[in-house]
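Trainee: Below is a structure I'd like to ask you about.
None of the figures in this text is laboratory data; all of them are computed from the coordinates on show. Computed from a predicted model, the values in this text were never measured in an experiment. Using ideal geometry, Cβ is built from the backbone for each residue, glycine included, and neighbour counts are taken over all protein chains shown.
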Amino acid sequence: MASGAKDAPLTSFLRTLYRFWPIAFMAFCIGAVVFLPIVEERGVVVAPTDADTVQAFLTSPPLLIAVTATALGLRWSMSLGHVMTDTEFMAMVWHLSNGTWWSLGCDSWSGLFRIMPRMRKMYLILDTKHGVNWDDQTVDRPWNPEQATLESVYWAETTVHVPLSLLAFYLYATRNRNRYLVEAFVGGAQLVGSYGYYGPELLAYLHGFPTTWPDNWVIFMLGIGCVPLVWCTLPCCLTLRAMLMQMEVNSSFGGAAKATEKKASAKSETKSTQSPRKLRSRSRSRGSSKRT
């Protein structure tokens, strides 16, 4: 009894962490932007102006909108009162965080449009193809073709991944049986996007060319190192799970449809057998009325 009582809080904590880890990862990312000095180890300070201070970041409308939308979406989904497994709940939170933070607040607003203070400078460090020219120590140079690959993925995230992630979150929250169809498509799109975003740099590295990745290991892990585990492995697992779950939904739905069809056919057979009797009774009643 004592050992079980001791293990219960740990089990509850691990379950909570499993269900809400996308939110915890999001909070860790925001904390890293706040506490990490935005300076490239090659000696170039990327954020010397007041426009990209910690205060400007924490009070910026893009950050406040992303965090508020995440909190409101999570509260709304929990207020519905649906009973979910831990994995179903985690998948729902994962899609919500992608639709409000990772693909929208980070890649779209910070990497593509560069409207989120301080975070946009992190993207300049994350990959120098965003616009840092280390040769002549300039920052935010004019647009150049090296940005084309990155921005193509950002536009795909903004126009495809964000709305589909929010749709998957909504379908999960409302327990719609079509949620697995959307989730499979979202997972495939996210996996292909990861290949398109990180593949060119990895291929260049494997062929002996220098990379434009950051030297800071924390920024590197957040932007590059977590990719195989989070943005490749997880979409694959969720997509495979969605396919299996959709097969179960289809089989149960097909079984229900067959049962409904059998009931309908049985009713029609009953009506067909009863119809001659009704006709006979009607003819008899008509005959008796004529006699009277």
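Trainee: With a Förster radius of 30 Å, plug the Cβ-Cβ distance of Ala204 and Thr233 into 1/(1 + (r/R0)^6) and report the FRET value to the nearest 0.05.
Mentor: 0.85
Trainee: Does region 164-231 classify as rounded, prolate or oblate by the C-alpha gyration tensor (a ≥ b ≥ c root eigenvalues; a/c under 1.5 gives rounded; else a/b over b/c gives prolate, otherwise oblate)?
Mentor: prolate
Trainee: Estimate the FRET efficiency between Leu17 and Ser79 by the formula 1/(1 + (r/R0)^6), using the beta-carbon distance for r and 25 Å for R0, to the nearest 0.05.
Mentor: That pair, Leu17 with Ser79, gives E of 0.70.
Trainee: Please compute the Kirkwood hydrodynamic radius of region 98-253 from all pairs of different C-alpha atoms, in Å with one decimal.
Mentor: Computed over region 98-253, the radius equals 16.9 Å.
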